[in-house]
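The values are calculated or read from the model by the stated rules, or taken from the named source; none is laboratory data. Only a predicted model underlies this, so the values are computations on that prediction, with no experimental measurement involved. Using ideal geometry, Cβ is built from the backbone for each residue, glycine included, and neighbour counts are taken over all protein chains shown. These accessible areas exclude ligands, DNA and RNA; they are computed on the full protein's heavy atoms, side chains included. Shrake-Rupley method; radii C 1.70, N 1.55, O 1.52, S 1.80 Å.
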Amino acid sequence: MDVRRVMSGRVVKWCAMLGLALGAGQAGAQEPGQVVDEVVVRGPEKTRPETVQAYSRIDAGDELAFEELDKVERRLLATGLFQEVKVSTEPTGAGRVRLILEVEEKASWVVAPTFALSSDNVGGGLLYAENNLWGRSKKFATAAQVSTAESGLFVGYLDQNVFGLPQLRFSLEGQLRSDRMDEYRPGAGQEDPEVVRRTRLNSASLAGEFGVMLFERVRAAVKYRLMSIDAKSPDAKEEVTTPAFSTGPAQQDASVRLMVGIDTRQNLHAVMEGINLEASYEVSNPEVGSDFRYRRFGLLYRHGLRLFEEHNVVLRGEAAAGVDLPFHQELVMGGNSLRGFVHRQFRGDTRLSFTAEYHFPLFTIRQLSFRGVGFSDTGLMVWRDLPADGELRDVNGRVVRGYLPDSKSGLKGSTFAQGVGAGLRLYLRNIVLPLVGVDAAYGVNSGEFRFYLVAGVSPS
């Protein structure tokens with residue numbers, strides 16, 4: 001045995017644990033409490049150095065402990081701007097260091113076709129997304145889509161680094177939409193769910209949101225949305241032809257939504273880590289400029305766990321309840337939100353849902369990663385208390401929800417559904433968007449298999 005080699009290895013290991021710099025001319029770790037003399041950014045061609053430094057949350061004069069280097073690296077990877085990040089230090093004097101941030105950028109923009117295939121919703125479109133406007137990590141996206149259930153035009157802008165501060169976030173989005181709103185005969189056990197009423201809703205909306213992140217984990221935000229909504233007469237070919245929503249002049253829907261919660265999630269390439277707990281309250285009434293009067297409450301839980309380096313458990317739970325929700329704001333389940341069932345098959349004013357997914361690597365070909373996923377989707381949908389005359393009216397007396405004749409409130413009329421299945425995800429490490437997702441799901445209630453394909457990203 002080479003005793004010198006063994007002892008040398010042990011010394012290196014002990015020194016690394018103690019955060020001591022080893023090797024002349026090499027970047028090293030530092031003892032806790034060392035002061036940063038300067039921050040040097042290397043590698044980016046588009047991203048401004050001050051943007052990289054802002055996301056590191058380290059500035060000249062700050063004290064830096066060895067264990068913080070990993071945190072800085074994860075912060076930079078979580079921005080989605082970089083495919084590789086290396087964080088190191090160089091000594092500049094007694095108790096002082098230079099922080100080196102080396103990054104390799106992803107392609108910041110993409111023009112891509114989008115395609116969606118699920119039960120009762122087939123279509124596609126074109127998406128343009130820029131992930132790093134002006135090298136300052138501002139995001140812009142626009143997309144046009146035509147599908148059997150929902151078509152329209154989307155434009156969105158996101159500034160997640162307002163005034164160079166990652167703690168501040170602002171977004172602005174606009175949409176023009178035409179939705180085919182199908183209502184199905186109640187029951188999750190139908191092999192081929194029957195449409196009993198079909199309504200076309202056209203809308204235009206504009207929304208802005210401002211958020212604040214405190215201590216890298218506490219998030220609070222306020223969102224204002226303004227929408228014009230116009231309903232067409234129900235399809236005369238279906239069983240029910242009484243309107244679900246009054247036809248005539250377009251109505252104005254405005255709302256204010258407040259959100260607060262804890263969010264420690266980080267997307268590190270294809271793996272999501274951290275937890276998100278969020279409570280929200282949305283109100284719409286004449287005081288905020290609306291023709292409607294409704295409220296909605298929500299509790300959201302999302303959790304990502306990394307296992308075996310590249311494996312990922314992703315959990316999502318939600319409880320949502322609305323009061324006097326008009327037709328276009330009702331809670332829905334089915335399709336990608338409850339795999340194994342038809343797109344927006346279930347409706348109600350109260351929803352409980354839980355999704356568990358296990359993501360795992362299959363193989364990688366250069367920059368293209370293939371990952372598998374197994375999942376279980378579970379949902380409960382309820383009408384809590386339907387009006388005696390079967391109609392809900394707005395502040396002007398117009399009908400904004402005409403319920404189906406066989407709609408029932410309470411647990412007796414509730415729907416419990418579950419779907420299980422598996423799928424495939426494709427990612428390119430050097431671009432900002434995932435490429436393709438395909439799922440095969442089995443509806444436990446109906447005994448039917450359904451398939452879902454998403455190419456590109458839904459802009460919303």
Original post:
Can you run phi through the Karplus equation (6.51, -1.76, 1.60; θ = phi - 60°) for the range 313-319 and list ³J(HN,Hα) in whole Hz, with x for Gly and Pro?
Top reply: 9, 10, 10, 9, x, 9, 10
**OP:** May I ask you to evaluate 6.51 cos²θ - 1.76 cosθ + 1.60, the Karplus curve with θ = phi - 60°, for each residue of the range 174-179 and list the ³J(HN,Hα) values in order in whole Hz, giving x for glycine and proline?
**Re:** x, 9, 10, 9, 9, 10
Original post:
Where Lys and Arg each count +1 and Asp and Glu each count -1, what net charge lies around Val35 among other residues with Cβ under 10 Å from its Cβ?
Top reply: -2
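Evaluate Rg over Rh across the range 90-140, taking Cα atoms for both radii and Kirkwood's formula for Rh. Please report the intermediate quantities before stating the final value.
Details: Rg = 20.9 Å, Rh = 15.1 Å.
When Rh is taken as the Kirkwood radius, the ratio is 1.39.
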Original post:
How far, in degrees from 0 to 90, does helix 68-78 lean away from the longest principal axis of the Cα atoms of the chain, to the nearest 10?
Top reply: 40 degrees
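Counting pairs of Cα atoms in the chain, how many percent are more than 36 Å apart? Walk me through the intermediate numbers first.
Details: 39270 of 105570 pairs.
Within the chain, distances greater than 36 Å cover 37 percent of Cα pairs.
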**OP:** May I ask you to give the percent of accessible area on the range 234-275 that is carbon plus sulfur, with a probe radius of 1.4 Å?
**Re:** 55 percent
**OP:** Sort Leu76, Leu126 by accessible area with a 1.4 Å probe, largest first.
**Re:** Leu126, Leu76
Original post:
What is the range 273-390's relative contact order, in percent, from Cα pairs under 8 angstrom and six or more apart in sequence?
Top reply: 19 percent
**OP:** Take the Cα atoms of the range 337-385, find their three principal axes, and give me the spread along each one in whole Å, biggest first.
**Re:** 55, 18, 15
**OP:** Would you mind working out the accessible area per residue for the range 296-337, using a 1.4 Å probe, and quoting it in Å²?
**Re:** 44 Å²
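For Asp159, Asp192, Asp37, what's the largest-to-smallest order of accessible area, 1.4 Å probe? Could you put the intermediate results ahead of the total?
On the way: Asp159 15, Asp192 125, Asp37 60 Å².
Sorted by accessible area, descending: Asp192, Asp37, Asp159.
How large is the Kirkwood hydrodynamic radius of the range 51-103, in angstrom, based on all distinct alpha carbon pairs? Before the final figure, lay out the partial values.
Numbers: mean 1/r = 0.0870 Å⁻¹.
Taking every pair of different Cα atoms in the range 51-103, averaging 1/r and inverting gives 11.5 Å.
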Original post:
What is the ratio of the Cα radius of gyration of the range 168-274 to 2.2 N^0.38 Å, where N is its residue count, to two decimals?
Top reply: 1.53
Subject >> Percent accessible area from carbon and sulfur atoms, the range 110-228, protein chains only, probe 1.4 Å >> reply: 66 percent
**OP:** May I have the pair-distance distribution P(r) for the range 236-395, computed from all Cα-Cα distances with 5 Å bins from 0 and rounded to whole percent?
**Re:** 2, 7, 13, 15, 16, 14, 11, 8, 6, 5, 2, 1, 0
Original post:
Rg and Dmax of the range 119-187, using alpha carbons, in Å: what are they?
Top reply: 16.6, 52
Original post:
Distance from the Cα centre of the range 149-205 to that of the range 313-356, in angstrom?
Top reply: 13 Å
Original post:
What share of all Cα pairs of the range 54-150, in percent, falls into each consecutive 10 Å distance bin?
Top reply: 13, 31, 22, 17, 11, 5, 1
Subject >> For the range 307-455, the Rg and Dmax computed from alpha carbons only, in angstrom >> reply: 19.1, 62
